[in-house]
Amino acid sequence: MSSLSAASVETPAVTDGTEEKKPLKPCCACPETKRVRDACIIEKGEENCRDLIEAHKDCMRSLGFKV
């Protein structure tokens, strides 16, 4: 019976590993900088949030996105 238990435990691990290899979408990247940037733009306007916009762009570039 222990071999059956081991087999059933190993199967989900393989599935989870496959799911983690999906490419990151731009909408899901850098949620911390995105949230702060968006809040600033709504409250103060884009022209007053240049530093937060650039911080978000830097984060996106660090993850391999071409911004």
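The values are calculated or read from the model by the stated rules, or taken from the named source; none is laboratory data. Only a predicted model underlies this, so the values are computations on that prediction, with no experimental measurement involved. Methodologically, a virtual Cβ is constructed for each residue, glycine included, from the backbone with ideal geometry; neighbour enumeration extends over all protein chains shown.
Annotations for the structure displayed:
- The requirement of being modelled with pLDDT of 95 or more and in contact with a Leu (Cβ under 8 Å, 6 or more places away or on another chain) is satisfied by Cys30.
- Residues satisfying the stated conditions in the stretch 24-36, i.e. in a helix (DSSP H, G or I) and either more than 15 Å from Ser62 (Cβ to Cβ) or touching a strand residue (DSSP E or B) at 6+ places or on another chain (Cβ under 8 Å) (or both): Cys27, Arg35, Val36
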